[in-house]
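Q: A single structure is presented below for examination.
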Amino acid sequence: MAKVTQSGIAKAAGLIMVSMMLSRILGYVRDVVIYSKFGQVYLTDAYNAAFSIPDFLYYLLVGGALSSAFIPVFSSYIATNKEEDGWEVASTVFNLVMILMFVGIAIGLIFTPQLINILVPGFNKEGFELTVLLTRIMFIQSFFMGLSGISQGILHSYKHFLAPALGSVLYNLGIIVFGLMLVDSLGIMGFTIGVVLGAAANFLIQVPALLKIGLRYRLTLNLKHPGVKQIGILIIPVLIGLSVNHLNLFVNQNLASSLPEGMLSALRAAQRIMQLPIGVFAIAVALAVFPTLTGQAARKEKEAFRETLSRGVRTVIFITLPAAVGLIVLRVPVVRALFQQGEFTVSNTEATSYALLFYSLGLIGYSAQQVLNRAFYALKNTKIPVFVGIITVLINLVLNFLLIKPLAHGGLALAYSIAGLANMVMLLFFLRLRIGHIDGRKMLASFGKTLFASLIMGVVVYFCSYLIEANFDIQYKTIQIIQVVVPVIVGVVVYGSMAWMMKMEEAQMAMGILMRKLKRKRKRNE
């Protein structure tokens, strides 16, 4: 039975990982299509800003509930053969969220101009009016995302992962397909309608799976049910954290709106590039060590817990620190290869790569958080990560105001990075208070070796990129891609060789995770 369970978990994890990768790739294609059509101008600034308020409404009412409370509570009823109670809770949560969603959307639609005026006061009249219009359309997306979010939670509780995975892929695919169909007649509004239709497709593909598991929705609002009360208690810290995080986003956009047009879009594009190593590598390592941390914490194996935590953090930094150095060195070639075509000009590349430089400085901070936060979750402590998150946001807010004047949009990116590094340090500090020593000397020694190898790699990568640009016509897209791919391959070889010569333990763990993934894939193919 244990083997079957582990196989099921591995299969589910693999499915989710593949869907995440496909969704990210399609998200990149979506951005390329939009920026190629319009460049980084007030149109794309308005499009990006229009997501903010509807997304806040969704994450506040649905995203937070699912991540913190609904799935574990609903799953516990299913696991203990109390499905009637489970569906009573699910129906109540669904009805309550839909009521709040309708109220929130109605208020948002009425007061959209006032909200946008607070969010992006620096937009000119044309950009302001367009943002208001696009935001009102985006509110429809919030409704469908609410439906798909709750249905995803129910399906995951029944261990049905395929339909939600396909839904996340269809969301970005819908934006691309419908956006291209409508762009000639509706302009940037065509992609906004594509967002709504993509969100609808995300939900509709999950409906057959809901019917298959035996959907037992009922028209009820039993707020006194113990399960509903439990969700209410569990969700409060997460709601606070989400609210503060989105406040930080709103302040960022408020400040960015006062900069020249296109800067908000440059920040968004650069941040998406910086987050790619986090999504692909850091989360993979964190997911690999989390079950072990949880078991060791439950058995009170303190020394083993510390060793697993230390190895997890060291491995994440071992992978993402050279990625950060690589992004800093290759920031212009990377942005140029990914986006520079159509209406995305050389000046857009310069603005985006400038933001990417500062975002990359915080990459290891946000990567290490993936492991450190899960260490607290394994210890059944959710309050400290939320507390640290609030402090981090406050740091970010202060630095935004201090750095935007001397560094323009780069200051907003640098503030974000410094806040991420501060978050990592605070989590390490509180973990040390909670569990005693955290193998700090070994972490520092590993960081020193990793930094040394990364800097040597960075120098080699820089000269490799320079030689390609000096000897070939960089205007061709093929040469632009070669200028990224060849230095990356060379950099991986140089960095890997140095890690092998220094006999770094983290290299072995990273290789072990990769080999396990390949082994599972081979077994599935067999």
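Q: Local charge sum around Leu427 (other residues, Cβ-Cβ under 14 Å, Lys/Arg +1, Asp/Glu -1)?
A: Values: positive: Arg374, Lys383, Arg432, Arg434; negative: none.
That works out to +4.
Q: Quickly rank 413-425, 393-405, 465-477 as a protection proxy: mean count of other C-beta atoms within 10 Å, highest first. Spell out each step's value before the answer.
A: Numbers: 413-425: 22.0, 393-405: 16.9, 465-477: 13.2.
Most protected by this proxy first, the peptides run 413-425, 393-405, 465-477.
Q: Okay, moving on. Using a/c under 1.5 as the rounded threshold, could you call the stretch 332-467 rounded, prolate or oblate? The axes a ≥ b ≥ c are square roots of the C-alpha gyration tensor eigenvalues, and prolate needs a/b larger than b/c, oblate otherwise.
A: Numbers: a/c = 2.58, a/b = 1.54, b/c = 1.68.
Oblate shape, in that a/c is at least 1.5 and b/c is the bigger or equal ratio.
Q: Multiply the residue separation of Ser497 and Ser243 by 0.36 nm, subtract the distance between their alpha-carbon atoms, and state the gained length in nm to one decimal. Kindly include the intermediate steps, with their values, before the conclusion.
A: Values: separation 254, 0.36 × 254 = 91.44 nm, distance 4.51 nm.
Contour length minus Cα-Cα distance gives 86.9 nm.
Q: Can you put Phe447, Phe74 in order of accessible area, largest first, using a 1.4 Å probe?
A: On the way: Phe447 75, Phe74 0 Å².
Largest accessible area first, the list is Phe447, Phe74.
Q: To the nearest 0.05, how large is the calculated FRET efficiency for Ile489 and Leu219 if R₀ is 41 Å and r is the Cβ-Cβ distance? Write out the running numbers ahead of the final one.
A: On the way: r = 59 Å, r/R0 = 1.44.
With a Förster radius of 41 Å, E is 0.10.
Q: Please give the contour-minus-distance gain from Lys82 to Leu100: 0.36 nm per residue of separation, less the Cα-Cα distance, rounded to one decimal in nm.
A: Numbers: separation 18, 0.36 × 18 = 6.48 nm, distance 2.72 nm.
Going from the current span to full extension adds 3.8 nm.
Q: Give the carbon-plus-sulfur fraction of the accessible surface of the chain in %, rounded to a whole number; probe 1.4 Å, heavy atoms of protein chains only. Working shown, then result.
A: Working: 17120 of 24710 Å².
Here carbon and sulfur together make up 69 percent of the probe-accessible area.
Q: Quick check: net charge around Gly312, other residues with Cβ under 13 Å of its Cβ, Lys/Arg +1 and Asp/Glu -1? Walk me through the intermediate numbers first.
A: Numbers: positive: Arg306, Arg311, Arg314, Arg374, Lys442; negative: Glu307, Asp439, Glu505, Glu506.
For residues surrounding Gly312, the net value is +1.
Q: While we're looking at this one, here's another question. Per 0.36 nm of contour for each residue apart, how much would the distance between Leu433 and Lys300 grow if the chain were fully extended, relative to their Cα-Cα spacing?
A: Details: separation 133, 0.36 × 133 = 47.88 nm, distance 1.62 nm.
In short, 46.3 nm is gained.
Q: Separate question: Could you tell me the center-to-center distance, by alpha carbons, between the stretch 358-392 and the stretch 180-236 in angstrom?
A: Between the Cα centres of the stretch 358-392 and the stretch 180-236 lies a distance of 28 Å.
Q: Can you give the accessible area of Tyr171, probe radius 1.4 Å, in Å² rounded to 10?
A: Answer for Tyr171: close to 30 Å² accessible.
Q: Then there's this: Could you tally the net charge around Leu210, taking each other residue with its Cβ under 15 Å from the Cβ of Leu210, Lys/Arg +1 and Asp/Glu -1?
A: Values: positive: Lys159, Lys212, Arg216, Arg218; negative: Glu83.
Charge balance near Leu210 sits at +3.
Q: While we're on this one: I'd like to check one number: the per residue accessible area of the stretch 225-362, probe 1.4 Å, reported in Å² as a whole number.
A: Working: 5360 Å² over 138 residues.
Using a 1.4 Å probe on heavy atoms only, each residue of the stretch 225-362 averages 39 Å².
Q: Contact order normalised by length for the stretch 373-433, with contacts defined as Cα pairs under 8 Å and 6 or more residues apart; what percent is it? The partial results should precede the final answer.
A: Details: 38 pairs, mean separation 22.2, N = 61.
Value for the stretch 373-433: 36 percent.
Q: While we're here: Leu204 versus Tyr466, label points 7 Å from Cα toward the beta carbon: distance in nm?
A: My value for the distance between the label points is 5.5 nm.
Q: Relative contact order of the chain, please, whole-number percent, based on alpha carbon pairs below 8 angstrom and at least 6 residues apart. If you can, show how the numbers build up before the last one.
A: On the way: 707 pairs, mean separation 90.6, N = 526.
Normalised by residue count, the contact order of the chain is 17 percent.
Q: Along its three principal axes, how long is the stretch 82-128 when you only count alpha carbons? Whole Å, largest extent first please.
A: 56, 15, 14
Q: Also: Hey, any idea what the orientation-averaged projected area of the convex hull of the chain's Cα atoms comes to, in nm²? Mind dumping the intermediate values first?
A: On the way: hull surface 101.7 nm².
Taking a quarter of the hull surface, the average projection is 25.4 nm².
The values are calculated or read from the model by the stated rules, or taken from the named source; none is laboratory data. Please read all numbers here as calculations on a predicted model, not as lab measurements. Neighbour counts run over all protein chains shown; Cβ positions are idealised from the backbone, glycine included. Accessible surface is based on the protein model in full, side chains and every heavy atom, while ligands, DNA and RNA are left aside. Shrake-Rupley method; radii C 1.70, N 1.55, O 1.52, S 1.80 Å.
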